Amino acid sequence: MGGSAWWTYRPEDLLMFSPRVYARLFELHNQALWPAQLLGLALGGVALAVLLRPGPRGTRLIVALLAVAWAFVGWAFLWQRYAPIHWGIAYVAPLFGLQALLLAGLSTLRAGLHLPRRWSVRRGIGIGLFAYALVLHPLVAPATGRGLAGAEILGLTPDPLAIATLGVTAMAEPARRAWALLALPALWCLQSGFTLYILGEPGAWLPLLAVITALVARCWPAPAAQR
Amino acid sequence: MALPLPPRLLLSRRRLLRGLLAAAAASALPGALARSAEPLTRTLPGTGVALPRVGLGSWITFNVGDDPLLLEACTAVMAAFFAAGGRLIDSSPMYGTSQATIGHALKQLQAVERVYAADKVWTSSRDAGPEQIEASRQAWGVPRFDLLQVHNLRGWEGHLETLQAMKATGEVHHLGITTSHGRRHDEVEHILRRVSLDSVQLTYNIVDREAERRLLPLARERGIGLIANRPFQRKRLIRRLAGKPLPPWAAEIGAETWAQFILKFIISHPAITCAIPATTQVEHVRENLAAAREPLPDEALRRRMADHVRGL
């Protein structure tokens with residue numbers, strides 16, 4: 001659309017590919033990586049278990065796993081698969097690398113991030129978002145007619161990864177670091193929801209809801225003991 | 001899981017595919033019917049090149065990445081397009097992998113000689129233009145483009161100088177500019193008055209008729225061909241009309257579907273060289289090409305057609 005007043009286009013005019021091509025992205029990605037889905041689910045399960053009983057080492061493990069996942073998804077999905085059909089994604093993929101570097105950097109610090117052990121609204125929402133990304137989000141594709149072959153698995157595809165990261169950052173401390181790590185997953189979810197909306201996908205609201213939920217949790221007053 | 005095939009078997013598979021596509025194409029236009037079903041053509045003004053009045057766009061529809069299943073589906077669409085007498089295919093470096101998809105299909109169908117290859121240059125940098133054009137040419141796998149256009153007027157002054165130099169040396173046959181969505185028509189008019197072009201591409205259909213006021217008459221007067229993009233408003237127009245019956249008098253112009261009704265309206269304008277609908281469906285490409293046949297509406301009927309659609 002270069003050279004034109006891009007803001008005068010309808011949202012669907014900015015779309016570059018059809019719903020069929022978008023669905024096939026995930027099918028081909030899953031085909032190419034099988035059985036890595038099992039590894040993604042297993043590591044996600046380990047991370048969820050650690051989130052339920054977090055300690056310094058466990059927290060660093062989760063942050064390190066997220067770092068690897070952001071790097072992998074940025075390269076294997078965004079750069080290799082998505083960018084060829086959407087030139088805008090070539091500019092987004094390096095940001096996934098940046099997020100991976102931020103997470104990797106924090107994972108090397110002893111007190112890089114702290115995850116709460118006591119139950120609170122914030123913790124409940126954070127763990128809920130992570131559990132959704134791991135268990136329920138893969139079922140969205142079959143539930144909306146795209147089939148199990150197009151399931152979006154945590155650690156392999158961007159939406160569940162962004163939602164899981166929102167969950168972790170929604171409850172993590174210190175707040176400044178958590179906000180810094182929350183920004184890119186939130187932006188990704190917004191663009192993903194927008195893309196799904198103009199594709200006419202019924203699950204378009206899910207990434208948007210995840211962002212709102214994470215922001216609510218993040219802004220929720222911290223329990224008195226942790227102030 | 002697919003097993004790697006030895007080269008000989010791969011070759012056989014390719015041959016088999018070509019045979020299947022040829023058979024599919026032949027079934028579309030059997031024997032004697034094929035001759036009478038040739039689409040109407042219009043000469044690109046000042047060039048002597050007669051183009052079928054319905055071409056093939058590739059925005060969105062051919063952006064399928066390296067998905068083998070969808071690549072073959074696009075190849076089948078192009079096979080049907082050529083079998084129905086089509087020639088002009090339009091693409092752009094902006095359209096993701098569409099150029100590579102066209103290149104894949106041209107190779108599979110051995111149709112490089114058949115196609116009228118229309119592409120675009122789409123960069124704000126004049127210096128980057130030649131490199132981008134060469135990358136596009138390699139993606140298509142053609143020796144040269146028939147028509148190169150400056151996409152959405154982006155950097156048009158510098159690129160038109162490049163294209164004029166290429167035309168002088170025979171590296172491209174024809175040159176033009178494009179716009180879409182009815183935008184920047186003042187600037188298009190300015191260019192049409194100042195610069196020698198072979199073609200201009202813009203949005204024109206039965207509801208987007210802004211170009212009728214100045215640009216279509218001006219292009220005709222200046223001897224410049226006109227390619228109509230977004231004939232169906234990217235399906236929106238077809239969806240709007242779906243479920244509504246065609247008027248009985250649509251039979252007078254041989255329109256059996258809304259798509260044909262709309263295409264016949266577009267290509268019957270005396271200034272329009274061709275329309276370029278995009279599709280992923282073999283049946284639709286046949287339906288579209290079938291619109292480029294007599295009878296076409298006269299001016300009075302065109303007005304009636306536009307009034308009818310406006311009233312729905």
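Look through the stretch A:68-97, keep the residues that are without any contact (Cβ under 8 Å) to a residue 24 or more places away in the chain and aliphatic (A, V, I, L, M), and return whichever of them is farthest from the other protein chains (Cβ to nearest Cβ).
Per the stated criteria, the residue is A:A93.
From the list B:R234, B:R220, B:R239, B:R230, which residue is among the basic types (K, R) and over 27 Å from B:I60 (Cβ atoms)?
After ruling out the rest, the residue left standing is B:R220.
Mind checking whether some residue in the stretch A:3-14 is surrounded by 18 or more Cβ atoms within 10 Å (Cβ to Cβ), touching a Leu at 6+ places or on another chain (Cβ under 9 Å) and within 10 Å of chain B (Cβ to nearest Cβ)?
yes
Check off (1) under 15 Å from the mean Cα position of the chain (by Cα); (2) more than 14 Å from chain A (Cβ to nearest Cβ) for B:Q138 and give me the number that stays unchecked.
Of everything listed in (1) under 15 Å from the mean Cα position of the chain (by Cα); (2) more than 14 Å from chain A (Cβ to nearest Cβ), B:Q138 misses just condition (1).
Which of the residues that make up the stretch A:17-35 are in contact (Cβ under 8 Å) with a residue 12 or more places away in the chain, surrounded by fewer than 19 Cβ atoms within 10 Å (Cβ to Cβ) and more than 22 Å from B:T280 (Cα to Cα)?
Of everything in the stretch A:17-35, those that are in contact (Cβ under 8 Å) with a residue 12 or more places away in the chain, surrounded by fewer than 19 Cβ atoms within 10 Å (Cβ to Cβ) and more than 22 Å from B:T280 (Cα to Cα) turn out to be A:Q31, A:L33.
Applying the selection to the stretch B:53-90, what residues are more than 14 Å from every other protein chain (Cβ to nearest Cβ) and more than 20 Å from B:A275 (Cα to Cα)?
Selection gives B:T75, B:A76.
Pick from A:G105, A:G112: which is within 19 Å of the chain's Cα centre (by Cα) and either modelled with pLDDT of 95 or more or at negative phi (or both)?
A:G105
Kindly list, by first and then second residue, each pair from a residue in the stretch A:36-57 that is touching a residue at least 12 places away in the same chain (Cβ under 8 Å) and farther than 16 Å from A:A151 by Cβ to a residue that is of a type in the set (A, V, I, L, M, F, W, C) and part of a loop (DSSP other than H, G, I, E, B), limited to pairs with Cβ atoms under 7 Å and residues at least 6 apart or on different chains.
From residues that are touching a residue at least 12 places away in the same chain (Cβ under 8 Å) and farther than 16 Å from A:A151 by Cβ, the pairs are A:L51/A:L115; A:P54/A:L115.
All but one of (1) touching a residue at least 12 places away in the same chain (Cβ under 8 Å); (2) farther than 19 Å from B:I89 by Cβ; (3) of a type outside the set (K, R) hold for B:A128; state the number of the condition that does not hold.
Every condition holds for B:A128 apart from (1).
Restricted to the stretch B:167-218, and to residues that are part of a helix (DSSP H, G or I) and under 18 Å from B:R303 (Cα atoms), which residue is farthest from the other protein chains (Cβ to nearest Cβ)?
Looking at residues that are part of a helix (DSSP H, G or I) and under 18 Å from B:R303 (Cα atoms), I get B:P217.
Could you list, in sequence order, the residues of the stretch B:275-310 that are part of a loop (DSSP other than H, G, I, E, B) and away from every other protein chain (no Cβ under 14 Å)?
Listed by number, the residues that qualify are B:I276, B:P277, B:A291, B:A292, B:R293, B:E294, B:P295, B:L296, B:P297, B:D298.
Got a sec? Which strands (runs of 3 or more DSSP E) wholly within the stretch B:39-128 have at least 1 residues that are surrounded by fewer than 19 Cβ atoms within 10 Å (Cβ to Cβ)?
Of the strands (runs of 3 or more DSSP E) lying wholly inside the stretch B:39-128, those with at least 1 residues that are surrounded by fewer than 19 Cβ atoms within 10 Å (Cβ to Cβ) span B:41-44, B:49-52.
Taking the condition under 26 Å from B:G103 (Cβ atoms), more than 13 Å from chain A (Cβ to nearest Cβ) and under 20 Å from the mean Cα position of the chain (by Cα), does B:H151 pass?
So B:H151 fails the test.
Sort through B:T257, B:T280 and tell me the only one that's closer than 30 Å to B:T101 by Cα, over 19 Å from the mean Cα position of the chain (by Cα) and either surrounded by fewer than 21 Cβ atoms within 10 Å (Cβ to Cβ) or of a type in the set (D, E) (or both).
Going through B:T257, B:T280 in turn, just one is closer than 30 Å to B:T101 by Cα, over 19 Å from the mean Cα position of the chain (by Cα) and either surrounded by fewer than 21 Cβ atoms within 10 Å (Cβ to Cβ) or of a type in the set (D, E) (or both): B:T257.
All but one of (1) under 25 Å from A:P11 (Cα atoms); (2) without any contact (Cβ under 8 Å) to a residue 60 or more places away in the chain; (3) not in a loop (DSSP other than H, G, I, E, B) hold for B:I227; state the number of the condition that does not hold.
Failed condition: (2).
The values are calculated or read from the model by the stated rules, or taken from the named source; none is laboratory data. Keep in mind that this is a model prediction, so the values were computed, not measured. Quick reminder, even Gly has a Cβ in these numbers, built from the backbone with ideal geometry, and neighbours come from all protein chains shown.
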